Every structure is written in C-alpha cells, then in structure tokens.
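Some notes on the structure that comes next.
The values are calculated or read from the model by the stated rules, or taken from the named source; none is laboratory data. Keep in mind the model is a prediction, meaning the values are calculated, not measured. Every residue, glycine as well, gets a Cβ built from its backbone with ideal geometry; the counts of neighbours run over all protein chains shown. Just so you know, the surface numbers come from the protein's heavy atoms only, side chains and all, with ligands and any DNA or RNA stripped out. Shrake-Rupley method; radii C 1.70, N 1.55, O 1.52, S 1.80 Å.
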Amino acid sequence: MKPDPTPTMTNTAAPLLRPLKDSSASTIVAGFIAMLTGYTSSLVLMFQAGQAAGLSGAQISSWIWALSIGMAVCSIGLSLRYRTPVVIAWSTPGSALLISSLPGVPYGEAIGAFIFASALIALCGLTGSFDRLMRRVPASLAAALLAGVLFNIGSEIFRAVEVQPLLVLGMFFSYLLAKRLVPRYAVLSALIIGCALAGGLGLLDFSELRLEVAVPVWTTPTLSFAAIFSIGVPLFVIAMASQNMPGLAVLRAEGYQVPASPLISTTGIASVLLAPFGSHGIHLAAITMAICSGPEAHPDPSRRYTAAVWCGLFYGIAGIFGATLAALFAAFPPALVLSIAALALLGSIGSGLTQAMQLPREREAALITFMVTASGLTLFGIGSALWGLVAGILTLLIVSERKAAA
C-alpha cells in the first residue's frame, strides 16, 4: 500500500518543514497580536502578586523571564513538531490566585508548590489520562466552549467604543473595508490604523521605556504541605480547568487533532525546570491560541502553525527584555489592545458557533455550554470554562435520555 502523499493537519510526518516560506504577513501579525494580548491581559497581575509577596525587582523580572522563555521554547517546538498552531501561555487565573495566596509564604516554599503543581500536570500528560478524557468530549461542545471563552474578549471592542470612540470605530471600519478589499490583511490594516490614530490622538506614551535585559535569579525550592495545599493544588486545578481544557478545545474546534498528552507533558516538564527561576507554570493557551489558529491568521489551516512560531519568537524577545515589558505595554492604550484582539478573534468565534449548532440533537447542550462559559461564572474558585463543559455534558445526557424514552 502506497502512503498518502498529501499532508493534512493531522499528518505529523510531512517531509518538508518550511516555516519561513509558509509564513505570511497575516501569520506574523497574528503572532504579534497573540503575544501582545497575552502580556497585556495579565502582566499587571504578576507585578501585583510579586509586590504583595515582597519580591525584589530582580525576582519579578526573573519570574517574567522564566515564563517567557518557557512559552517561547514550547510554542516554537510544539508548533514545528506537530505543524499545528500550539500557543503556550501562563495562567491568568493562576496569577490572580497568587495575589492573595503568595503573601506570607516563604518564596522557596512557593517555588516548591509551583514544582508540585507542574509535576502533577506532567503526570497527567505522561499517563494519557487527559487525552482520554478530551476524546470523550463531543465536537459540538468543544466548539461551543471555544466560542464562549472568546466571546467576552470579542465583545470588548464594543464596550471600548465608550472610552475611545474615534480610535475604536476607526479600527473597526478599517477592518471591514480591508475585509472587503484585501481580506488576508484586514487585521494588519486595523492595527496600522489603530497605531496611527493612537499616535495622532496623543495616546502613545513611550517616556517610561528603558531597555534592560532580564537576568534569571535562582531560588532553591523547599517543600511545605501548607504551601502545597494553599498554592500547589489550586494552581493544578486552575491550570487544567481554565487553560489546558479550553486550549485543547480551541485546537479541536479548528480541526487540529494533535494528541493532547505530549502537549500537556511537555509544558508540565518545562514548568518544573523553570520553577526555581520563578515560573508558576505554563500551559496551553485558549484566547491567544485562537488568534493563531483561526482563519484570520491564514486562510490555509496547514500554514497557521507559523503564527504560533512567530508568537514564540516574540515571546522570546519579550522575555530577554522582561524588565522593560510593563513600560512597553503601558505605552499602548488599552482600547487599542482590546480592539485588535477582538477583531483577530471574530473568525474563530464565528466558526465555533457554526460548528456548535450543526447537530440538532446536540444544539441545546452546545448552547448551554456557550452561555455558561460566556457568563464568566466562577464557583469554588474554578472558572466558567469547566462549568460550561459540565453543564453541556449534563444537558446532553439528560436531553438524550429524554428523547430516547420518547
């Protein structure tokens, strides 16, 4: 039997790897927007957590460096390995958790808790348990989960109109015009117009920007049961429910069938190695992965992996100069960042909703999954992504049983 010569998204043994040739302006822009969105969404939370815990500026800088380098290496490596747009990110809910849980805990014990949580994640990947779980999730629910996760970010552009109407509306209509004339460069056009308008309106401020190279700082980990249960266990649960599960759902919804176990185990092992330098864990991204895996990144799904590679390169550059990140991202008005992220996600939201509603038998369950996920519900410290999936599965089981009985 002759092998199939045609490469597909699930064919990881394609003979030629051509990331530069496969790249385009749209994939580079998607990678940059993904990096920009990832950092601006939660970088301030890490500074808050570090300052509340009494960490030095060098330790906070090392923390950002460790996360950035881990995200860069894993995003580039996994994307090239599987020819799939695999974007890795730190946990934003995890950063928020550390604001309240890190103060009062010796930093060495916190590092030990980071290692414990990351080791558990690596174990889930190595045993294949997470992969088996995700294979049981219907495709319609995964697509609804994707749309729900992205909905709030996508709708931010309309709320941003209240704050900066000229800037946001200028970006929005430039996107629509470019979508009609040069659809591949619609997001790039909106970004260029947005930067030009922000500069013209005096909304760009680079006065605080200074170039400083981040230096990694080693902290010897120590194990403490108190830190493991107050930091380690919650970090593990949050990472699996709020990062890895939605992240894999994004890939599934876009048609990429890469196995979950290598992704989870790789990020878990990388997190263990980087924890002594401050990393509280890197995981599958959801929102930024959708930016790189959606149709806005590239019309050809087999070439979208380059968007994640570019995102990883931008991660690496940002990590090297981690000490200057806060000033750099503070230079951009929040309305610009929110708007460009929303525009980049429109295609993924649309495709997610389309796929979620395809099967009449699963439509109610998919709708409930979408609604609960989009609501932002937090219960027992766990975010809406997990509860949306739970609600959808329960609905599917109950409705299916009712229809079978009828």
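Conditions first: (1) open to solvent by less than 50 Å² (accessible area, probe 1.4 Å); (2) closer than 30 Å to PRO103 by Cβ; (3) modelled with pLDDT under 75; (4) small (Gly, Ala, Ser). ALA14 passes all but one, so which condition is the exception?
Every listed condition holds for ALA14 apart from (2).
Go through region 354-378 residue by residue and tally those that are open to solvent by 30 Å² or more (accessible area, probe 1.4 Å), modelled with pLDDT under 85 and of a type in the set (A, V, I, L, M, F, W, C).
Qualifying residue count for the region: 2.
Out of the residues in region 133-163 that are of a type in the set (D, E, K, R) and farther than 13 Å from LEU343 by Cα, which is least open to solvent (accessible area, probe 1.4 Å)?
Top of the filtered list is ARG159.
Residues are listed down the side, and each one gets a yes or a no for (1) under 23 Å from the mean Cα position of the chain (by Cα); (2) farther than 16 Å from ILE349 by Cβ; (3) touching a residue at least 12 places away in the same chain (Cβ under 8 Å):
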| site | (1), (2), (3) |
| --- | --- |
| ALA147 | yes, no, yes |
| ALA160 | yes, yes, yes |
| LEU169 | no, yes, no |
| ARG180 | no, yes, no |
| GLY199 | no, yes, no |
| SER207 | no, yes, no |
| LEU211 | no, yes, yes |
| PRO216 | no, yes, yes |
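With the structure loaded, tell me whether GLY125 is over 23 Å from the mean Cα position of the chain (by Cα) and either farther than 22 Å from SER400 by Cβ or open to solvent by less than 40 Å² (accessible area, probe 1.4 Å) (or both) or whether it fails that test.
Numbers: over 23 Å from the mean Cα position of the chain (by Cα): no; either farther than 22 Å from SER400 by Cβ or open to solvent by less than 40 Å² (accessible area, probe 1.4 Å) (or both): yes.
It is false that GLY125 is over 23 Å from the mean Cα position of the chain (by Cα) and either farther than 22 Å from SER400 by Cβ or open to solvent by less than 40 Å² (accessible area, probe 1.4 Å) (or both).
Just checking, which of LEU223, LEU181, LEU169, LEU177 is aliphatic (A, V, I, L, M) and either under 23 Å from PRO334 (Cβ atoms) or surrounded by 18 or more Cβ atoms within 10 Å (Cβ to Cβ) (or both)?
On the way: LEU223 fails: either under 23 Å from PRO334 (Cβ atoms) or surrounded by 18 or more Cβ atoms within 10 Å (Cβ to Cβ) (or both); LEU181 fails: either under 23 Å from PRO334 (Cβ atoms) or surrounded by 18 or more Cβ atoms within 10 Å (Cβ to Cβ) (or both); LEU177 fails: either under 23 Å from PRO334 (Cβ atoms) or surrounded by 18 or more Cβ atoms within 10 Å (Cβ to Cβ) (or both).
None of the others qualify; the one that does is LEU169.
Which residues, taken from region 302-319, are at pLDDT 90 or above and either in a loop (DSSP other than H, G, I, E, B) or surrounded by fewer than 24 Cβ atoms within 10 Å (Cβ to Cβ) (or both)? If you could, list the steps in order and put the result at the bottom.
First, pick out the residues of region 302-319 that are at pLDDT 90 or above: 303-316.
Scanning region 302-319 gives ARG303, ARG304, LEU313, PHE314, GLY316.
Looking only at region 78-96, filter to residues that are open to solvent by less than 40 Å² (accessible area, probe 1.4 Å) and of a type outside the set (Ser, Thr, Tyr); which one of those is farthest from SER230 (Cα to Cα)?
Quick first cut of region 78-96, residues open to solvent by less than 40 Å² (accessible area, probe 1.4 Å) only: 78-79, 82, 84-91, 94-95.
From what is left, the residues that are of a type outside the set (Ser, Thr, Tyr) are 78, 85-90, 94.
Working: LEU78: 31, PRO85: 34, VAL86: 30, VAL87: 28, ILE88: 25, ALA89: 22, TRP90: 19, GLY94: 12 Å.
Looking at residues that are open to solvent by less than 40 Å² (accessible area, probe 1.4 Å) and of a type outside the set (Ser, Thr, Tyr), I get PRO85.
When you go through (1) of a type outside the set (Lys, Arg); (2) assigned to a helix (DSSP H, G or I); (3) modelled with pLDDT of 90 or more one by one for LEU98, which number turns out not to apply?
Answer for LEU98: the failing condition is (3).
Considering only residues that are of a type in the set (D, E, K, R) and more than 30 Å from GLY347 (Cβ to Cβ), which ones fall in region 218-262? If you could, list the steps in order and put the result at the bottom.
Our first condition is that a residue be of a type in the set (D, E, K, R); within region 218-262, this holds for 252, 254.
Residues satisfying the conditions do not exist here.
Going through LEU141, LEU177 one at a time, which residue ends up being in a helix (DSSP H, G or I), at pLDDT 80 or above and under 25 Å from ALA285 (Cβ atoms)?
LEU141
Please specify each residue of region 379-406 satisfying the condition of being open to solvent by less than 90 Å² (accessible area, probe 1.4 Å) and either modelled with pLDDT of 90 or more or not in a helix (DSSP H, G or I) (or both).
Listed by number, the residues that qualify are LEU379, GLY381, ILE382, GLY383, THR395.
Out of all the residues in region 254-275, is one or more surrounded by 15 or more Cβ atoms within 10 Å (Cβ to Cβ) and either more than 20 Å from the chain's Cα centre (by Cα) or among the basic types (Lys, Arg) (or both)?
no
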